[in-house]
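The values are calculated or read from the model by the stated rules, or taken from the named source; none is laboratory data. What you see is a predicted model, and the numbers here were worked out from it, not measured in a lab. Please note: Cβ atoms are built from the backbone with ideal geometry, for glycine as well, and neighbour counts cover all protein chains shown. For the accessible areas, the whole protein counts, side chains as well, though only heavy atoms, and no ligand, DNA or RNA atoms are used. Shrake-Rupley method; radii C 1.70, N 1.55, O 1.52, S 1.80 Å.
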There are 4 protein chains.
Amino acid sequence: MKKTTLEGIIAYPITPFDDNEKVDIKLFNILVERLVVNGANAIAPLGSTGVLPYLSDEEKELITQNTITQVNGRIPVMVGVSNLTTERTLHHAKFAEKAGADAVMIIPMSYWKLTDDEIFIHFNTVAKQIDIPIMAYNNPATSGVDMSPALLKRLLEIPNVTMIKESSGDVQRMQYLRKELGEDVAFYNGSNPLALAAFAAGAKGWCTAAPNLIPELNNNLYKAIINNNLNEAQSFFYRQFKLLKFIVDTGLPRSIKAGLNVLGQDGGNLRSPLRPLNEKEFNTLRTLIDECNDVVLTDT
Amino acid sequence: MKKTTLEGIIAYPITPFDDNEKVDIKLFNILVERLVVNGANAIAPLGSTGVLPYLSDEEKELITQNTITQVNGRIPVMVGVSNLTTERTLHHAKFAEKAGADAVMIIPMSYWKLTDDEIFIHFNTVAKQIDIPIMAYNNPATSGVDMSPALLKRLLEIPNVTMIKESSGDVQRMQYLRKELGEDVAFYNGSNPLALAAFAAGAKGWCTAAPNLIPELNNNLYKAIINNNLNEAQSFFYRQFKLLKFIVDTGLPRSIKAGLNVLGQDGGNLRSPLRPLNEKEFNTLRTLIDECNDVVLTDT
Amino acid sequence: MKKTTLEGIIAYPITPFDDNEKVDIKLFNILVERLVVNGANAIAPLGSTGVLPYLSDEEKELITQNTITQVNGRIPVMVGVSNLTTERTLHHAKFAEKAGADAVMIIPMSYWKLTDDEIFIHFNTVAKQIDIPIMAYNNPATSGVDMSPALLKRLLEIPNVTMIKESSGDVQRMQYLRKELGEDVAFYNGSNPLALAAFAAGAKGWCTAAPNLIPELNNNLYKAIINNNLNEAQSFFYRQFKLLKFIVDTGLPRSIKAGLNVLGQDGGNLRSPLRPLNEKEFNTLRTLIDECNDVVLTDT
Amino acid sequence: MKKTTLEGIIAYPITPFDDNEKVDIKLFNILVERLVVNGANAIAPLGSTGVLPYLSDEEKELITQNTITQVNGRIPVMVGVSNLTTERTLHHAKFAEKAGADAVMIIPMSYWKLTDDEIFIHFNTVAKQIDIPIMAYNNPATSGVDMSPALLKRLLEIPNVTMIKESSGDVQRMQYLRKELGEDVAFYNGSNPLALAAFAAGAKGWCTAAPNLIPELNNNLYKAIINNNLNEAQSFFYRQFKLLKFIVDTGLPRSIKAGLNVLGQDGGNLRSPLRPLNEKEFNTLRTLIDECNDVVLTDT
């Protein structure tokens, strides 16, 4: 199996739409390029931020290919390939591998609550037929199913399920994984407001859409952790905490699109039923971004 | 607008698959016919029981057309047309209307939590472009969003949103709707174990997959309510309560398919990742169905 | 063992305080008398409504004795004797029995979550040393511990634990008890807004503070149930539903005291930190009580 | 006002009972002495660990006096004075101050959910009449009421409410307090399994019963934080994480008493209904304590 170890800031682009709510692929490439040049350690299209479930198969394939072409090997690319059915999940996983992805991410979407066996077989069926690493993603709020630490442990016995992303918002989950699975388990934090707590608990990386807006603060937090400087990490974290909380509370596709506009960058349109932030939300976001930047400037 | 008042037992068929996990449309028609001849008051394909979200657009259209042809006007048909995007929801709603559906049901699916405004515009956009009634369906466990009574009230102001289906499992919600919206509001219960409590609270109908297995008990409960005979309704309800709870706890597509097998009826296959009940679950289900039937026989 | 079967409307008096926040026992006796003459089927001092946990041992004994003297055998008296420690629970249970109580009610108060064994031994220790029936009361919101149906079933094996009061707000719990334990299990509803649903499910009685304010409507609901007249029960229930919800939402001691004032009856003071309803709440309560009474008048 | 800044490891003794379930005050003094000589930075009798709500007024006063006499000024003493009524809370707060306590801790116990105003007045009434600092303690699981960050902020406007203890188990709460109230707000962690995350978030201290069992590991974690050495803090934390989780999951009074027995130290009896760990739990605890000590030895 091709080995790829993801570490640090794993950046999630949004999927921008044009005036007819079609994917704006040119703008998407521009947004990907921004993330790369702003220092992301990896890039992850077709996540929740990229409104994966709102896209057709063709659109997903278009985005997969464009990301890989645009990134062009500068940093690893991990493609979201989650789907309600096993058959479609496998289809997109194979497509991503063939297109040159370094890894795929799979969340066990569910409409009907899945049993542990159903989830295990779902992952195993896909894993056996591809040769790149899989990040198993737990996010009960969006997938409708909460994978227990015991199930995550079982999934890690599948050879190319090598990474766990935890977004249940519970630091104890990460601590349990680290304690039960040993120091070498690669777990990643997907809950923005827990970025500091997760790194303190030993997370290898932070899966986040925040680098679309404040890449420098995100990078500095990670560097402080790498340098074993808790005080500095704390300081960088608190500068961005309110923004991190805001973009989660208002929904990442909506808030990142708006934040790009605050920064003077076109963020495209949203696909209905998602709608732009209202004016009050937009102004709050502007203030929060300004505060982040002010502090950074003050620092230098 | 074409008026259709749904009342009583609104039966939900499963969507059966063949050995290659393709929709088995012949078997589907047989299962629809069973529901009609067993006394359902209406039929509702493409609900959660019918694994709507696991189907392609073509499969949904196939099922819509076949249901309407098979039922052939004997009872009303309400088609599930829910989709993550507004554009696809509208597409399927129009298709259902053109195919001859009497009503459509829409649950506001979400991956990103939708705001009240997003949900209202979603419903309104669809409602304006069709001429048949809409049942707004609240089921936080599967949709990921909990529509407040206030939002439901607002939706009812859209002319052809005329029915509310509540599956949040909270009787007080239904009571609130009835109290706030007046005796004429048409609310329906979608939570099987609350069938008696919901009818007692004034529900106009019961949206349920149980008639695939125990139509007589379902019908008798409804008749007792219509006859204002609480004691009899209580008695009929308690005969089916454990079965109702079981089929919900194990997931309706899985348990209904297994229950059909218990009754000697082919139920087809499931689409992965959904998997059949295990042996222990199957035997429990057999016992529960036997108990329902025993009691009914004893009675006569 | 002395047999006492409680049925129907089990009324809970508040404990009124004087200007120095001492128990006003004369006023208490007046409030008890009101409940008796207004048709309650049983009376239950020292419940949550009676702010049991805010009282000293001496105050509890004073109230126990006064209730029994005042009621004077006209209807059964069930005394709340719950306490964090087993020793104090036993003390008050023995006191109540000696004073002439017909039954005692025990909720397993907890600060530290109790195990099932701890709860069982707690009840069993008390039950063995008294000779009157015990109502085991489940109310996770106030006791901090949720007794599972399995534990309740185990408690019912103790000879004089003969009644179950469910206030978890989940109708399915009551249905499960009824189904598992047979038609003869005596379960009681302690959740006011579920009064209709609980009676429909077969509850033997309704434990409620509402008869302090609207005894006629409470009694009429129960009579309609006894007469197997669901339509009438529904009608009586909906007339009081909003008031029932309001008095629960604002806290029974606070709202009943205020409601007595609305009716021109002294309700005494509260003991700090509990404080009176604010003006807006008071006015809402006045409107809700007026609505209840208007409708009743209209009816006659 | 007398200023006392608590920092670091704030140790909670249990309250041991004799064979008749009376407080064993001699043994209590021994257990307090152990905590002091083992390096606690402060000591806090009559907390949840000390089963405050299970004690009579006289017992609380006995424990207050004995703690202060035994500690004899070597480290600060913070006494728990929480009570359901404002009158009793004030009584115990005054008693503690007169006895020489450095601070008091108050959790807003509730049986009936308290409004924000009720809680504020409760704290303010007590605070005005004593002259030592108050730690406001938020623990929804035991108090039954969840104080919002906004309410905590309001409480901090009372001059001698100078410390906040958060045990809601949500790191984001602490982060919010720190961000909203500034770097100088003194917030303390009361959730053992969140010890590392809370220190990373800037907690001034850790309120914990763990020093009864593993004082060295607790102290070392705090020292690593003070030394800005995240890697070392992480290492010390993971050595104790499983034990911390276990003592919380089985209940602190029960598990600390058992852990003292594992260490060869008499821990007295519990007061009913609390009961000792069962054999399986006891053996698990023994293993976890052994693992903590093994690692520490290996280290030296």
Give the residue from A:285, A:38, A:273 lying farthest towards the positive end of the charge dipole for chain A; charges sit on Cβ (+1 for Lys and Arg, -1 for Asp and Glu) and the dipole is referred to the Cα centre. A:38
One would report the antiparallel percent of DSSP beta bridges in the protein assembly as shown, rounded to the nearest 5, as 10 percent
How big is the dipole moment of chain D about its Cα centre under a simple scheme where the beta carbon of each Lys and Arg is +1, that of each Asp and Glu is -1, and everything else is neutral? Debye, nearest 20, please. 220 debye
Cross-link pairs A:22/A:94; A:165/A:242; D:128/D:153; A:153/D:280; C:113/D:153; D:165/D:204 - those with Cα-Cα distance over 20 Å: A:22/A:94; A:165/A:242; A:153/D:280; C:113/D:153
Ranking B:122, C:91 from most to least accessible area with a 1.4 Å probe gives C:91, B:122
What number, in percent, do you get for the relative contact order of the stretch B:184-300 if the mean sequence gap of Cα pairs under 8 Å and at least 6 apart is divided by its residue count? 23 percent
The local net charge around residue D:179, scoring Lys/Arg +1 and Asp/Glu -1 for residues other than residue D:179 whose Cβ lies under 13 Å from its Cβ, equals +2
Kirkwood hydrodynamic radius, chain B, all distinct C-alpha pairs: what's the number in Å? 19.2 Å
Do you know the relative contact order of the stretch B:179-223, to the nearest whole percent, from alpha carbon pairs under 8 angstrom that are 6+ apart? 33 percent
Of all C-alpha pairs within the stretch B:222-300, those more than 21 angstrom apart amount in percent to 36 percent
Check: the protein assembly as shown dipole with +1 on Lys, Arg Cβ and -1 on Asp, Glu Cβ, in debye: 0 debye
Hydrodynamic calc, the stretch A:160-300: Kirkwood Rh from Cα pairs, then Stokes-Einstein at 25 °C with viscosity 0.890 mPa s, so D in µm² s⁻¹ is 153 µm²/s
Just the accessible area for residue A:270, please: 1.4 Å probe, Å², rounded to the nearest 10? 20 Å²
DSSP beta bridge pairing in chain D, given as percent antiparallel to the nearest 5: 10 percent
Once the Cα gyration tensor of the stretch B:206-248 is found, what semi-axes does its equivalent ellipsoid get, as square roots of 5 times the eigenvalues, in whole Å, sorted largest first? 18, 11, 7
If you find the alpha carbon centre of the stretch D:248-265 and of the stretch B:20-60, how far apart are they in angstrom? 58 Å
Roughly speaking, what is the centre-to-centre gap between the stretch A:199-238 and the stretch D:94-124 when only Cα atoms are used, to the nearest Å? 39 Å
For a quick check, take a GNM of chain C with Cα springs below 10 Å and name the residue from C:41, C:227, C:218 with the largest mean-square fluctuation. C:227
³J(HN,Hα) computed for each position of the stretch B:107-118 - Karplus, 6.51 cos²θ - 1.76 cosθ + 1.60, integer Hz, glycine/proline x: 9, x, 4, 8, 10, 8, 3, 8, 6, 4, 5, 4
Name the GluC sites (Glu not before Pro) in the stretch B:178-277 that are in a loop by DSSP and that have at most 12 other C-beta atoms within 10 Å, would you? B:183
By accessible area with a 1.4 Å probe, ligands and nucleic acids excluded, highest first: order of A:290, D:18: A:290, D:18
Relative contact order for chain A, counting Cα pairs under 8 Å that sit 6 or more residues apart, in percent: 19 percent
Extension length gain for residue C:124 and residue C:38 (0.36 nm per residue less Cα distance), in nm, is 27.4 nm
Cut-off 10 angstrom, C-alpha nodes, Gaussian network model of chain C. Which of C:258, C:150, C:101 fluctuates the most? C:150
With a 1.4 Å probe on protein heavy atoms only, work out how much accessible surface B and C bury together, total over both chains, in Å² to the nearest 100. 2500 Å²
Taking a probe of 1.4 Å and leaving out DNA, RNA and ligands, chain D shows per residue an accessible area in Å² of 36 Å²
Starting at the first residue of the stretch A:248-259, write each ³J(HN,Hα) from the Karplus equation 6.51 cos²θ - 1.76 cosθ + 1.60 with θ = phi - 60°, in whole Hz, x for Gly and Pro. 6, 4, 9, x, 4, x, 5, 6, 5, 3, 5, x
Hz values of 3J(HN,Hα) by residue in the stretch A:54-68 - Karplus curve (6.51, -1.76, 1.60), Gly and Pro given as x: 8, 9, 7, 4, 5, 5, 4, 5, 4, 5, 4, 4, 5, 4, 5
Listed by chain and number, the residues whose amide H is under 5 Å from that of residue C:186, excluding neighbours fewer than 5 places away on the same chain and using placed H, are C:164
Ellipsoid semi-axes in whole angstrom, largest first, where each is sqrt(5λ) of the Cα gyration tensor of the protein assembly as shown: 48, 44, 28
Count, for each residue of A:44-52, the Cβ atoms from other chains sitting within 10 Å of its Cβ, then give me the mean as a whole number. 1
Give the average, rounded to an integer, of partner chain Cβ atoms located within 10 angstrom of each Cβ in A:171-183. 4
Please work out how much accessible surface residue C:239 shows to a 1.4 Å probe, ignoring ligands, DNA and RNA, in Å² rounded to 10. 50 Å²
On a 1.4 Å probe surface of the protein chains, which of C:94, A:128, B:245 comes out largest in accessible area, and what is the full order? A:128, C:94, B:245
